[in-house]
2 protein chains.
Amino acid sequence: MTNNSKFQPEWINEAPKKGSYRSIFKYGDPLGFKHPNDMLFQELKEKFKLTDEDFVEKESTGNEIIDIKIESKLSVSQIDKFVEICSKENVSSIEYDRLKYSSGKTVEETMKLRRKELGLITDLVVHPRNKVEISKIVKYCNEEKIPIYVYGGGSSVNFGFYTEKGGITLVLSTHLNKIVKFNELNQTVTVEAGMMGPAFEEALNKAKELYGAKYKFTCGHFPQSFEYSSVGGWFITLGSGQQSSYYGDAGDLVLGVEMISPSGDIITKEYPATATGPKILDIIKGSEGIFGIIVELTWKVYRYKPENRQYFGFIFPNWDAAVNASREISQGEFGMPAVFRISDPEETHHGLKLYGIENTIYDKIMKMRGFKPMERCLFLGSADGDKQFAKNIKSKVKKICKKHGAMNLTSFPVKKWEPGRYKDPYLREDLMDYGIVIDTLETGVSWDSLHEVYQQCRAFVKSRPDTICLTHASHFYAQGTNLYFIFIIKEKDTQAYLKFQEGLLGTIQKSGGSLSHHHGVGRMISKWMPEHLGESQMNVLRALKKHFDPNNIMNPGKQLIGR
Amino acid sequence: MTNNSKFQPEWINEAPKKGSYRSIFKYGDPLGFKHPNDMLFQELKEKFKLTDEDFVEKESTGNEIIDIKIESKLSVSQIDKFVEICSKENVSSIEYDRLKYSSGKTVEETMKLRRKELGLITDLVVHPRNKVEISKIVKYCNEEKIPIYVYGGGSSVNFGFYTEKGGITLVLSTHLNKIVKFNELNQTVTVEAGMMGPAFEEALNKAKELYGAKYKFTCGHFPQSFEYSSVGGWFITLGSGQQSSYYGDAGDLVLGVEMISPSGDIITKEYPATATGPKILDIIKGSEGIFGIIVELTWKVYRYKPENRQYFGFIFPNWDAAVNASREISQGEFGMPAVFRISDPEETHHGLKLYGIENTIYDKIMKMRGFKPMERCLFLGSADGDKQFAKNIKSKVKKICKKHGAMNLTSFPVKKWEPGRYKDPYLREDLMDYGIVIDTLETGVSWDSLHEVYQQCRAFVKSRPDTICLTHASHFYAQGTNLYFIFIIKEKDTQAYLKFQEGLLGTIQKSGGSLSHHHGVGRMISKWMPEHLGESQMNVLRALKKHFDPNNIMNPGKQLIGR
């Protein structure tokens, strides 16, 4: 093995070729990169028993121009109808567009696209200009039984809008991307579903200038995909942001929606609370496009006060201590931290490298005090809200962490983490260029099942030789948290990879975790749903589906298909 | 008029006669009373232009023994079946029992029962001993198409379990009233649906002794009916407690349920969060027995730390200032007060009398400083949770109230209010003994509709000559609050009263309020539902009803009947 050499692979540093497969599967900004740093590179070589030579020649990079001919199954008159509704420039039957807007960000898709293995693709890409056009489209498609898929930001990691049997794909981010109404009195903003994270947040931060507001505001929702996901997508998949422990999950952050479905339009009213029977808003939450299309949402906003933010970081002697302290914080009734994240020993090992803490004076003191590598656990956090409130959280957190044997690392690690927090997905392309897969699965757990799920999942991942498995918990509640598994394996074979993925999903399910804490269901997880929820709960979802969408045209082949 | 005399009516001070109508409609403890104090008595006389003489002779008090014969529509073999399932002593076809368990606490029922006007009554009262028996009952009733009503605490103010067409009434509080599992790690308690408030709270307060817990706990849910309502009832009607601004509404406080329905049993899993499609738990919330019977609930508990409680009270120059300060508190992101209540000028006027503040040194200073009667508004509050957290809330509240022109009244008024907070319903019987009706309606409002709803509803109530209308807001959210109207009118005619009530409900609906913030729907409000939610939302509820209960045996004649 050639370790610690000065050799560095030639990570791709250019935008994918226009019209290439890579331009479709590459995450985020075409010119956005986060190459593995030297420490990670050395570790990968060591773990996978590779040498520098293995990083000379790349696997298929998918940088070839797409040159395919796939007939659209729609008739000319059908296509004409969509042109009539949305105008010519908003309709495309070009294969590149159809493949692009049928593709999400699963590892499976990336593996296949690199080798020009195509799945099904949509028959037509349509960019509706407003909700009236969407109404017409839904009505027409229902009559003609044409399936409809909705593309928001395209960041799905579970085949959330995968084309099952042709049909059309509506791209909402092209035109439905504006703020409809800002209401400072109610602290809400009504927004079109296709608005992307950064534009949404920027408008709220600039509420004073844009809306004559008294305060600046924030949406409070910052998932890792923030830059490349849409507000509608956050909501309908039940996403969680990296500050959800304070701000709430996306489902909690929405006060009202407008949904267009084959069985009619739903506009829910915006009461802070109401006791008028089961809430249709709640019934829609998490439906991932199988009931209808969310066209507008009313989002609860918070005051934007970054100047109040309190940062903190600690190292714990072990995972148990980190979990116990986190539980005590979550149940302490002094308010919740916004960023709130504990890493298990293996992730901590990486984090300390990544955040440049390894071999610093901090590291020396830690070791001196007995915080051992591959046992010690990192805690990162920050508190938002009113200044005194945030300061009190910090002071309580400090006390609790100390009680559980932690050492204070100050704000150093979280400030190292914060600027790069949307960048990790960029690693994926670099690694896969050399046949290494990095992927994630995650689950919601109650406190009393956390350790069982953690141990079983980790045991499963590690049962495959030479795997890296980094785990953290990063969304906290009084009743539990989530577990987020990042695994890195050397695998070029798609089927072998899928078998591994399926095994981990099965382990999550069997060990008592939820199938998904905030990644949604999509096509990928749907097969586990009947076992997970049980037939009587599945039947409720099926009854709702039948009601909203009797012809099964709305995002068919997802949540409810089962095995 | 004879004001300020020493005369006091002979308020009834004895338990209702055993077997009497009064024993059915009287609220709460048979020996529980809260007679109008002299100030209220004087005011009633003044308002309704009455003299002491009008309080000499009572209206019909309903203290007559029930002597009715109403044939049960069930066949002997059907009754035998219920006896077979639940045993003889848990089944009753006696008219008194059937009337009792068909009666809630609406003013309409009370007015009618006083005059022996009977509505429909259930055919059989059944006290199931466990969920297995309930399963058998639901299965049998579904086969035989026998309607099932569920009686929890019986405190419904909207005909929530009124018998529409005979059938059986299950009383859950008789046997299903125990804690099934206490889980300190998860901070949850699993409880049978029929457990009543005080027993539930007491068990949690005594968690150390009873369950060997490290801490004491509280359920956090204290509606006015706390002593006479059940945990299952709180949840299924979407109730709110008097400390909901901090602890959350009942719907938020439940993590999992077990429901038995004609289409199968539902047991939801207890994840703190999950993104596996629309949540069946959410779909059940607020269904008020029309889908199935909640037999067990897992409730999120909080630490019980009364020693941390911070009390506060203020007087505002006017309603606008009180509302503005409340909004600033609710949006201030420093945590929420638990008790959080502002009274409008008319309620303040009463409150100051009731809490013994009128004519004290406080009152003199208030008047000196320009806080005028019938303009000034009272604010009562307390903060729970961690001590520093609660203290910070108090200090922020103080600052904001001061900024909005309020004067600090210290903890005096809230400590006067607290001990009597479950007692107000007892006033009703005394007043109605002399033909005076006291009743309430309430609504959820966004901040931007609050004033419109307030003004229109008050104008409607006041359009009837000689009415007292006390209004408060007592459940706060960043996006709005509730308005709670207490009205006192002189009215003996049931139909005239109902016309008035209907007029106010219509005004709530038209002015932009929710039909109910936390009283639920029941039969009373159902007629407004289609107009309120719109047909497409009603159709979703109807589809769910059809799925869960295709034979319409579960609490028929409620939420979905419309006009």
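The values are calculated or read from the model by the stated rules, or taken from the named source; none is laboratory data. Because the structure is a prediction, the values reported are computed rather than measured. Using ideal geometry, Cβ is built from the backbone for each residue, glycine included, and neighbour counts are taken over all protein chains shown. With ligands, DNA and RNA removed, areas are computed over all heavy atoms of the protein, side chains included. Shrake-Rupley method; radii C 1.70, N 1.55, O 1.52, S 1.80 Å.
Structure above, values below:
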{"read-out": "Size-normalised alpha-carbon gyration radius of region A:71-172, reference 2.2 N^0.38 Å", "value": "1.04"}
{"read-out": "Karplus 3J(HN,Hα) series, Hz, for region B:524-537 with 6.51 cos²θ - 1.76 cosθ + 1.60 (x for Gly, Pro)", "value": "5, 9, 4, 5, 8, 4, x, 5, 6, 8, x, 4, 5, 6"}
{"read-out": "Descending Cα extents along the principal axes, region B:246-295, whole Å", "value": "35, 24, 16"}
{"read-out": "Carbon/sulfur fraction of accessible area - region B:1-155, other protein chains in place, 1.4 Å, %", "value": "50 percent"}
{"read-out": "Copies compared at A:Lys88 - label distances in nm, ascending, label defined 7 Å from Cα in the Cβ direction", "value": "8.9"}
{"read-out": "Distances in nm from A:Lys214 to the matching label points in the other copies, shortest first (labels 7 Å along Cα to Cβ)", "value": "4.2"}
{"read-out": "Rg ratio (alpha-carbon, reference 2.2 N^0.38 Å) - region A:72-111", "value": "1.46"}
{"read-out": "Label 7 Å beyond Cα on the Cβ vector: B:Gln455 copy-to-copy distances, nm", "value": "6.5"}
{"read-out": "Mean separation of Cα contacts under 8 Å (6+ apart) over length of chain B, as relative contact order %", "value": "15 percent"}
{"read-out": "Relative contact order, percent, region B:116-201 [alpha-carbon distance under 8 Å, six or more residues apart]", "value": "31 percent"}
{"read-out": "log₁₀ of I(q)/I(0) at q = 0.19 Å⁻¹ - region A:314-396, Debye sum with one point per alpha carbon", "value": "-0.84"}
{"read-out": "Å³ per residue enclosed by the Cα convex hull of chain B", "value": "153 Å³"}
{"read-out": "Relative contact order (%) - region A:61-146, alpha-carbon pairs under 8 angstrom, separation at least six", "value": "39 percent"}
{"read-out": "Amide H within-cut-off set for A:Cys377, under 5 Å, with H built and near neighbours excluded", "value": "A:Phe316, A:Asn318"}
{"read-out": "Length added when fully stretched, A:Val180-A:Lys403, from 0.36 nm per residue minus Cα-Cα", "value": "75.4 nm"}
{"read-out": "Under the Karplus curve 6.51 cos²θ - 1.76 cosθ + 1.60, θ = phi - 60°, whole-Hz ³J(HN,Hα) for region A:379-391, x wherever Gly or Pro sits", "value": "10, 10, x, 8, 10, 10, x, 3, 4, 5, 4, 5, 5"}
{"read-out": "Chains B and A, summed buried accessible surface - 1.4 Å probe, Å², nearest 100", "value": "6400 Å²"}
{"read-out": "Cβ-Cβ FRET estimate between B:Ile65 and B:Arg115, R0 fixed at 22 Å, reported to 0.05", "value": "0.90"}
{"read-out": "Inverse of mean 1/r across different Cα pairs in region A:455-524, Kirkwood, Å", "value": "13.1 Å"}
{"read-out": "Computed E for A:Glu14/A:Ile94 - FRET, C-beta separation, R0 22 angstrom, nearest 0.05", "value": "0.40"}
{"read-out": "Kirkwood-based shape ratio for region B:27-75, expressed as Rg/Rh from alpha carbons", "value": "1.22"}
{"read-out": "Amide H partners (placed H, <5 Å) of A:Leu255, local residues excluded", "value": "A:Thr298, A:Trp299, A:Lys300"}
{"read-out": "Interchain or long-range residues, amide H under 5 Å from A:Arg341's placed H", "value": "A:Leu380"}
{"read-out": "Rg/Rh (Cα only; Kirkwood hydrodynamic radius) as it applies to region B:1-91", "value": "1.24"}
{"read-out": "Cβ-Cβ FRET estimate between B:Val83 and B:Leu210, R0 fixed at 35 Å, reported to 0.05", "value": "0.50"}
{"read-out": "Scattering curve values for region A:487-560, log₁₀ I(q)/I(0), Debye with Cα scatterers, q = 0.16 Å⁻¹", "value": "-0.69"}
{"read-out": "Chain B, closest residue to the rotation axis toward A, by beta-carbon, whole angstrom", "value": "B:Asp282, 2"}
{"read-out": "Listed residue pairs exceeding 23 Å between alpha carbons, taken from B:Lys69/B:Lys545; A:Lys105/A:Lys527; A:Lys34/A:Lys178; B:Lys181/B:Lys423; A:Lys367/A:Lys403; B:Lys17/B:Lys58", "value": "B:Lys69/B:Lys545; A:Lys34/A:Lys178; B:Lys181/B:Lys423"}
{"read-out": "Three semi-axes of the equivalent ellipsoid, the protein assembly as shown, Cα gyration tensor, whole Å, largest first", "value": "54, 34, 28"}
{"read-out": "Vicinal HN-Hα couplings computed from phi for region B:97-114 (Karplus, 6.51 cos²θ - 1.76 cosθ + 1.60; Hz; Gly/Pro x)", "value": "4, 5, 6, 4, 7, 9, 10, x, 10, 6, 4, 4, 4, 4, 4, 6, 5, 4"}
{"read-out": "Probe 1.4 Å, all protein chains present, accessible-area order of B:Glu184, A:Glu46, A:Glu201, largest first", "value": "A:Glu46, B:Glu184, A:Glu201"}
{"read-out": "Under the Debye formula (equal points on every Cα, no solvent term), log10 I(q)/I(0) of region B:218-368 at q = 0.18 Å⁻¹", "value": "-1.13"}
